[in-house]
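Below is one structure; the comments refer to it alone.
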Amino acid sequence: MAACAIRRGLLSAASKYNQHKCIHRTLSAIDFSSGFDPKRAQPLCSACGLSSFQQTRFMSSRPEGKILEPVGVFEALKQHGKYETGQLFLHSVFGYRGIVLFPWHARLYDRDVSPAAAADSKPDSVGHGSKEVKGKMHTYYQVLIDTRDCPHISQRSQTEAVTFLANHDDSRALYAIPGLDYVSHEDILPYNSTEQVPIQHELFERFLMFNPSRNPLFTARDTLRAWQEKNHPWLELSDVHRETTENIRVTVIPFYMGMREAQNSHVYWWRYCIRLENLGNELVQLRERHWRIFSLSGTLETVRGRGVVGKEPVLSREQPAFQYSSHVSLQAPSGHMWGTFCFERTDGSHFDVRIPPFSLESNKYDKAPPTGYPL
């Protein structure tokens, strides 16, 4: 028996809270000032005797955040297998409503996992310094974000993070598809709804159709399949890199975007998505970034600056995560990036957090420019 999922108009950076195969936690009054706390009142579920947790949050400065909005009914987490196209979900960290478009199978290079723990996987290995890291297959999903939630998560996660090179020769022209995201399997909190249009996004009805005879209730239209096939080279998620330093976990996902000609030379473009997570209880703030960018052409560039994408995010127990995307271009078909983030504690002391080294690799998909919205 699942619990009714009730959410605020203002969503929180919700921490993972699922411990049972069957979900009995009622979500209510979720906002940005607090994450989920499963240690609240614990009434028993009459169906199976498991505790359900009534979540109550209060915002000191935004009284409109107390408006409750019913969403649907939680479903059991998938411990094995993957979620299908059309699966509705809440994001367990950023709290937004979304729907799965299709899965990606990526190699996760986790420097926090010992070599022995990853020995059962047989994908590629990468050497980060003196440490070889085994890649283990992991499922991610291409998803649509409900546009009603975008304004409330924009300070914690970019909602225009998926970018493309424009369909012409201007090597610096980029465009974005708003409300498109990549979500890890463990960040999916699945639910169902009887609404025929439960997600508000301009691509929802162009990509998906309601089918009451199926579960999930939404199936892919031909336009979604065609769009996925045409844009596969620029959407494809293949490698994920992760490392934790002093309870701050950094996850990096690089994407090759294509090549353009500029001033009689080839310019290769990548975007990279970075997620910062505070796994501890101490409040910290990101102050500086320090990048080292090596190009196959033999150049090594150093980049230093305040914050990231114009922000210096605070990571706390209540708002533990921040996610952003940026871009890099090289005059060579491959390279590497690595570096550190400098964080500040509440007592004024600083510490560096390692950014796991990752490769910038071009591929064979340079025959045609990407296509954006379906016609």
Being modelled with pLDDT of 95 or more and within 22 Å of Y96 (Cβ to Cβ) narrows it down to one of E246, E277, E288, so name that one. E277
Any residue at all in segment 303-317 that is of a type in the set (D, E), open to solvent by 40 Å² or more (accessible area, probe 1.4 Å) and more than 25 Å from N363 (Cβ to Cβ)? yes
Return the residue satisfying two criteria in turn: it lies in segment 339-358 and is touching a Ser or Thr at 6+ places or on another chain (Cβ under 7 Å) and open to solvent by 20 Å² or more (accessible area, probe 1.4 Å), and of such residues it is farthest from G135 (Cα to Cα). D352
Kindly indicate the residue of segment 235-256 that is assigned to a strand (DSSP E or B) and hydrophobic (A, V, I, L, M, F, W, C) and also nearest to D110 (Cα to Cα) among those meeting that condition. V240
Test result for R287, open to solvent by 40 Å² or more (accessible area, probe 1.4 Å), on the phi < 0 side of the Ramachandran plot and assigned to a strand (DSSP E or B): yes
Condition first: under 13 Å from S325 (Cα atoms), part of a strand (DSSP E or B) and open to solvent by 10 Å² or more (accessible area, probe 1.4 Å). Can you find one or more residues in segment 157-169 that meet it? yes
Residue check for G81: at pLDDT 55 or above, assigned to a loop (DSSP other than H, G, I, E, B), open to solvent by less than 50 Å² (accessible area, probe 1.4 Å) and not aliphatic (A, V, I, L, M): no
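The values are calculated or read from the model by the stated rules, or taken from the named source; none is laboratory data. Predicted model only: the values in this text are computed from it and were never measured. Glycine gets a Cβ as well: all are built from the backbone with ideal geometry, and neighbour counts include every protein chain shown. Only protein heavy atoms, including side chains, enter the accessible area calculation; ligands, DNA and RNA are left aside. Shrake-Rupley method; radii C 1.70, N 1.55, O 1.52, S 1.80 Å.
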